[in-house]
1. In segment 38-58, how many are touching a strand residue (DSSP E or B) at 6+ places or on another chain (Cβ under 9 Å) and surrounded by 16 or more Cβ atoms within 10 Å (Cβ to Cβ)?
2. Return the total of residues in segment 132-149 being touching a strand residue (DSSP E or B) at 6+ places or on another chain (Cβ under 9 Å) and surrounded by fewer than 17 Cβ atoms within 10 Å (Cβ to Cβ).
3. Just to be sure I understand, how many residues within segment 4-62 are assigned to a helix (DSSP H, G or I) and modelled with pLDDT of 70 or more?
4. So residue 153 fits all but one of (1) crowded, with 20+ Cβ neighbours inside 10 Å; (2) more than 18 Å from residue 91 (Cα to Cα); what number is the exception?
5. Since residue 229 meets every condition but one in (1) part of a loop (DSSP other than H, G, I, E, B); (2) in contact with a strand residue (DSSP E or B) (Cβ under 9 Å, 6 or more places away or on another chain); (3) at pLDDT 95 or above, which condition does it not meet?
6. Only one residue in 145, 91 is modelled with pLDDT of 95 or more and over 27 Å from residue 71 (Cα atoms). Which one?
7. Residues of segment 80-134 being within 17 Å of residue 157 (Cβ to Cβ) and part of a helix (DSSP H, G or I), which ones?
8. Which of (1) under 30 Å from residue 110 (Cβ atoms); (2) not in a helix (DSSP H, G or I) does residue 180 not meet, given it meets every other one?
């Protein structure tokens, strides 16, 4: 074999050795069929983009190696940014659980009530072989109303070994968060569908002309309680 051929083969072997390993991509959606409402919904919901902690807002999986240390996995990646993955899975869950449609950034009939949902994820922790943790503060507000329900849900899911199990744990945690939010939307919807009782407390305010107006004070709603969730105050 000629010397030039040996150099070519050696260079090819070095390139193969230096090639990056194949990346694996994970998603929080697409695990089962989630039917959409077959009839006209009685209300819509708007799920805003989900806020995520900056340390995990990247395509690579970020796993905990200790309470104070994380590892960024270059070969294990999300199919899209984690905030997009959580929002997509939540939207699918809420659509199925509420029998409603997510109309965020979509034109809609003005005559149909809309409930605006905002989620701020405080912690999104991945502990391989141990647990997936989702800690989120969320709110529900009827469009055009000043009253808002604000709650906190902490979902912990035990997971087995492997990154598939870790992602499946996060999917279950998102499901639990969706169940809490669905209950919150139903509570706010029922509140706005029920006229105030006689003798209910009222709040005073002044309109632009300076005249005093009085309107019923919205009652404080309790936060939904799930099996592993912690709740905050609602107002």
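The values are calculated or read from the model by the stated rules, or taken from the named source; none is laboratory data. Predicted, not measured: the structure shown is a model, and the values here were computed from it. Cβ: placed from backbone, ideal geometry, glycine included. Neighbour counts: every protein chain shown.
1. 10
2. 4
3. Selection size over segment 4-62: 3.
4. Going through (1) crowded, with 20+ Cβ neighbours inside 10 Å; (2) more than 18 Å from residue 91 (Cα to Cα) one by one, residue 153 breaks only (2).
5. (3)
6. 91
7. Across segment 80-134, the qualifying residues are 82, 85, 86, 89, 90, 93.
8. Only one criterion is unmet by residue 180, namely (2).
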